[in-house]
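Student: Pasting in a structure now, in structure tokens, and then I'll have a few things to ask.
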Amino acid sequence: WGVLEQLQLGVKLKGGARRVGGWNQVSLDELQAYMHAAFHPEVWGLSNAHKDGGPIKEAWHRCWSLGGRLSARLVKVLVTHIAPLWKAYPQTVSVFKKELAECCTYGLQAASDSTADVASEGISSLSPDLACCADSFLLEGRETFVRVLVVRTLTLLRGDPSDIGHGLRDVALALLDIHESKELSVHNYLAFSMTHRLKNRIWQALSVLAPLLLPDHIPPIAHRLMRAQDNLERKSVRFYMELCTFEFLRREPALIHSLLVPALAQYNAQAPIAASLMLISNFLFRAYAMPAEGKATRCRLVKGETQAEEAIFALGVALLPWVSHHTHHVRVLASLALKHYHHSIGVVGSGTPTRENRLLGEASLSFMERNEDTAKLHEHLTRLFFDGLDLDGMSRLDTIFLQIVSDGQGWGEQIPPGMTQDIETEMNDYHRAFLAVSAAPAPCPKEVEAEAGGMSVQRKYQPEALQQLKQGGAGADAEAGPSAKEGGRGEGGGEGGEQGS
């Protein structure tokens with residue numbers, strides 16, 4: 001480091017010429033030489049080298065601060081160099097929890113940042129091992145490279161399960177600390193603003209880490225997550241929050257009693273918050289039992305069947321009043337969840353409702369099945385959003401990050417719309433189509449179905465569309481989603497009808 005400091009101050013070269021000073025005159029090769037010495041595996045394996053103020057932490061902060069001032073390319077090289085060390089020594093993840101959380105939210109700050117510099121170094125030149133990995137396509141994005149690589153590394157830790165579990169928990173808590181910081185404690189932020197992008201990055205990382213946390217570490221994080229659900233966020237942010245909540249509740253059904261049921265008792269919750277609760281309930285009912293050809297698959301929730309059945313039954317009772325909600329997509333999602341639960345409860349359910357709840361539930365479900373418009377709407381939404389939905393794969397690394405990696409043309413990451421936003425848009429389109437049909441002369445049945453949006457459309461979070469994206473077969477239409485119609489949502493999906501970045 002002393003040599004590098006002399007270089008940046010300006011030194012005499014051969015022939016008497018003098019090198020111009022400044023850190024921007026220190027070459028990347030010289031900085032990499034420092035990294036190879038400071039972050040040598042033999043040094044990294046020493047536990048006393050990682051304490052605050054120790055040589056490794058000091059070297060990290062030196063390189064990271066230079067990367068922030070000079071070049072995003074230097075940050076890429078730094079993280080590429082250290083990622084294998086985190087993977088091989090998971091006990092050091094807890095020591096670097098704040099730094100790892102910062103890496104999970106790393107990205108270019110503004111369009112004036114040098115994207116050409118970020119893209120100038122290919123994966124193969126940075127690390128031949130990364131270029132050969134099966135998911136190397138996730139690392140092709142420009143400013144998404146650092147955070148995708150760090151989150152990918154956290155999913156591949158090897159060693160003592162206890163060290164891995166504690167490390168992942170500490171990183172998750174550090175990410176929540178960033179979300180709860182004063183800078184991000186704002187609710188009225190613009191779409192595609194820095195605040196919006198930072199919140200997306202935080203919850204994208206948490207969505208991938210949620211299925212990997214140890215059971216004992218879930219309750220305290222889940223309580224903080226449910227408190228965050230009470231805040232008004234953009235729907236693209238809420239979708240990742242909904243995924244995290246679903247993963248925690250499916251792994252610990254007791255939390256359905258303590259967290260979700262009390263939240264459903266807040267009948268005056270604002271519509272976006274209520275819609276999130278409805279979507280989480282739909283996911284849980286489908287994870288509990290998936291009917292197939294008249295048969296139901298028993299308990300796909302992680303805990304024992306008895307505990308899961310009691311929790312799911314309590315959820316069904318708490319969800320019933322929401323079919324009367326004044327917001328269209330909220331009550332439709334509630335009725336869709338109850339209808340699915342009703343068809344599976346006869347096979348896998350053991351709860352005994354009170355006489356009043358049973359009569360009210362039977363009357364509501366009878367209306368849903370016998371009213372033609374409601375039955376048609378349920379069938380349409382099920383086919384469009386839930387058929388083929390891979391509940392076990394929604395929080396996988398490729399599912400989360402594939403749709404946000406830049407296509408190489410724009411400088412910023414994509415911000416896809418949330419699932420509730422797609423459902424709300426589809427409900428509005430569906431309603432307008434039926435109004436148009438009722439005002440026009442009666443067409444043939446096939447035209448009515450097409451006009452009402454009755455075609456089979458695959459969303460990008462469903463397996464078939466995800467596979468198309470991996471193979472490069474999905475274009476701009478797959479990015480924007482089939483619901484980007486009159487609203488004019490820009491590339492990567494918009495927020496509330498706004499254009500993309």
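The values are calculated or read from the model by the stated rules, or taken from the named source; none is laboratory data. Here the structure is a predicted model, which means the values were calculated and not measured. Note that we place each Cβ from the backbone using ideal geometry, even for glycine, and neighbour counts take in every protein chain shown. Accessible surface areas use protein heavy atoms only, side chains included; no ligands, DNA or RNA. Shrake-Rupley method; radii C 1.70, N 1.55, O 1.52, S 1.80 Å.
Student: For region 224-285, what does the convex hull of the Cα positions come to per residue, in cubic angstrom? Present the calculation step by step, with values, prior to reporting the outcome.
Tutor: On the way: hull volume 4.7 nm³, N = 62.
Cα-based convex hull of region 224-285, divided per residue, equals 75 Å³.
Student: Using the charge dipole of region 142-297 (Lys, Arg: +1 at Cβ; Asp, Glu: -1 at Cβ; taken about the Cα centre), state which of THR144, PRO211, ALA228 has its Cα farthest towards the positive end.
Tutor: Working it through, the farthest residue towards the positive pole turns out to be THR144.
Student: Along region 77-84, what does the Karplus equation 6.51 cos²θ - 1.76 cosθ + 1.60 (θ = phi - 60°) give for ³J(HN,Hα), rounded to whole Hz, x for Gly and Pro?
Tutor: Working through the residues one at a time gives 5, 4, 5, 4, 6, 8, 3, x Hz.
Student: For SER181 and ALA375, compute 0.36 nm times the residue count separating them, minus their Cα-Cα distance, and round to one decimal in nm. Don't jump to the answer; show the numbers that get you there.
Tutor: Numbers: separation 194, 0.36 × 194 = 69.84 nm, distance 4.53 nm.
Difference between extended and current length: 65.3 nm.
Student: Against the globular-protein guess of 2.2 N^0.38 Å, express the Cα radius of gyration of region 202-248 as a ratio, rounded to two decimals. Display every interim value, and only then the final one.
Tutor: Values: Rg = 10.1 Å, N = 47, 2.2 N^0.38 = 9.5 Å.
Its radius of gyration relative to the 2.2 N^0.38 Å reference: 1.07.
Student: Suppose the chain between GLN266 and SER324 were pulled fully straight at 0.36 nm per residue; how much longer would it get relative to their current alpha carbon spacing? Walk me through the numbers before you get to the answer.
Tutor: Numbers: separation 58, 0.36 × 58 = 20.88 nm, distance 1.40 nm.
Result: 19.5 nm gained on full extension.
Student: Please work out the Cα convex hull volume for region 150-236 and give it in Å³ per residue.
Tutor: Details: hull volume 8.2 nm³, N = 87.
Each residue corresponds to 95 Å³ of Cα convex hull volume.
Student: Residue by residue through region 335-342, what is 3J(HN,Hα) from phi via Karplus (6.51 cos²θ - 1.76 cosθ + 1.60, θ = phi - 60°)? Round to whole Hz and write x for glycine and proline.
Tutor: Computed from phi, the couplings for region 335-342 are 5, 5, 5, 5, 5, 5, 5, 4 Hz.
Student: Sticking with this structure for a sec: Per residue, how large is the accessible surface of region 191-276? Use a 1.4 angstrom probe and give square angstrom.
Tutor: On the way: 2610 Å² over 86 residues.
Per-residue accessible area for region 191-276 comes out at 30 Å².
Student: Sort SER258, SER94 from largest to smallest accessible area, using a 1.4 Å probe on the heavy atoms of the protein chains. If you can, show how the numbers build up before the last one.
Tutor: Details: SER258 65, SER94 35 Å².
Sorted by accessible area, descending: SER258, SER94.
Student: Determine ³J(HN,Hα), in whole Hz, for all residues of region 415-421 in sequence, where each value follows from phi through the Karplus function 6.51 cos²θ - 1.76 cosθ + 1.60 and θ = phi - 60°; x replaces Gly and Pro.
Tutor: Along region 415-421, the couplings run 10, x, x, x, 5, 5, 5 Hz.
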